[in-house]
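Structure first, then comments.
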Amino acid sequence: MTGTGIPGAGLTLSALLAGHRPRTAEEAADLARLAPLTAADDPYARELPLHVTASALIVHPAERRVLLRWHARMQDWLQVGGHGDPGEEFPAAVALRDAREETGLPDLAFWPAEELLHVVVLPVPASAHESAHEHADLRFVLATGTPDAARPEHPDARLRWLPLDEAARAARGEALRESLARVAELLDGGPPARRPH
């Protein structure tokens, strides 16, 4: 595996977005909606109707498996990740911190490099504690060499390793299917622009 794996290492939100090239019209539109948040005092603030989250698809490259977590509120198997804490400024560090907390995996590292995989704006339904809002989710890829060491942070947050093709079939959301397709490309040697000629 490669990557720093160091919390706090990486690019700020504005630098990260400036270097990301959207691959679909939907992603370009989501990126445009996210751009104004780079000027916010705290782009992760939950009070904002659209705020930044960071997540990660965790892979075990040797077996082409991906780790999904059960999200009780969404009633779905999704990638790990979540909200930034006050003072955090590096989205990649947020994704790595949350991934470690939610899986207990000690060896997580960015794979194949510390860069954005996908930018997605997603609606979040209202709950008893908060009104409906949107997440501007920045997605990364992390890899582990010790998949059997994964442990859920609590019983309601079950973890499940799935072969990549099975995860893609099981994914209910189009955004997650797109993220998984990009992971498959990376496992096959990278997206077309990165493949050697």
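The values are calculated or read from the model by the stated rules, or taken from the named source; none is laboratory data. These numbers were taken from a predicted model, which means no experiment stands behind them. Methodologically, a virtual Cβ is constructed for each residue, glycine included, from the backbone with ideal geometry; neighbour enumeration extends over all protein chains shown. The protein model used for the area step is the full one, side chains on, heavy atoms only, and it has no ligands, DNA or RNA in it. Shrake-Rupley method; radii C 1.70, N 1.55, O 1.52, S 1.80 Å.
Go through (1) open to solvent by less than 10 Å² (accessible area, probe 1.4 Å); (2) of a type in the set (A, V, I, L, M, F, W, C); (3) closer than 23 Å to GLU26 by Cβ one by one and return the number of the condition ALA99 breaks.
ALA99 satisfies all of (1) open to solvent by less than 10 Å² (accessible area, probe 1.4 Å); (2) of a type in the set (A, V, I, L, M, F, W, C); (3) closer than 23 Å to GLU26 by Cβ except (3).
What number of residues within the range 66-77 satisfy the criterion of being within 13 Å of ALA170 (Cβ to Cβ) and open to solvent by 40 Å² or more (accessible area, probe 1.4 Å)?
Qualifying residue count for the region: 2.
Do we have any residue at all in the range 169-182 that's part of a strand (DSSP E or B) and open to solvent by 60 Å² or more (accessible area, probe 1.4 Å)?
no
Considering only residues that are at pLDDT below 95 and within 21 Å of ASP98 (Cα to Cα), which ones fall in the range 153-166?
GLU153, HIS154, PRO155, ASP156, ALA157, ARG158
Testing VAL141 on (1) over 30 Å from ALA35 (Cβ atoms); (2) assigned to a strand (DSSP E or B); (3) of a type in the set (A, V, I, L, M, F, W, C), one condition comes back false. Which one is that?
For VAL141, the exception is condition (1).
Being under 20 Å from PRO61 (Cβ atoms) and of a type outside the set (A, V, I, L, M, F, W, C) is the filter here, so list the residues in the range 138-168 that pass it.
Answer for the range 138-168, where residues must be under 20 Å from PRO61 (Cβ atoms) and of a type outside the set (A, V, I, L, M, F, W, C): ARG139, THR144, GLY145, THR146, PRO147, ASP148, ARG160, PRO163, ASP165, GLU166.
Here's a check for you: in the range 183-194, which residue that is closer than 19 Å to THR24 by Cα and modelled with pLDDT under 95 is most open to solvent (accessible area, probe 1.4 Å)?
Here the residue is ARG194.
Quickly run through the range 144-168 and pick out the residues that are open to solvent by less than 90 Å² (accessible area, probe 1.4 Å), without any contact (Cβ under 8 Å) to a residue 24 or more places away in the chain and not in a loop (DSSP other than H, G, I, E, B).
Result: GLU166, ALA168.
Confirm whether GLU130 is in contact with a helix residue (DSSP H, G or I) (Cβ under 9 Å, 6 or more places away or on another chain), open to solvent by 10 Å² or more (accessible area, probe 1.4 Å), modelled with pLDDT under 95 and not polar (S, T, N, Q).
No: the conditions fail for GLU130.
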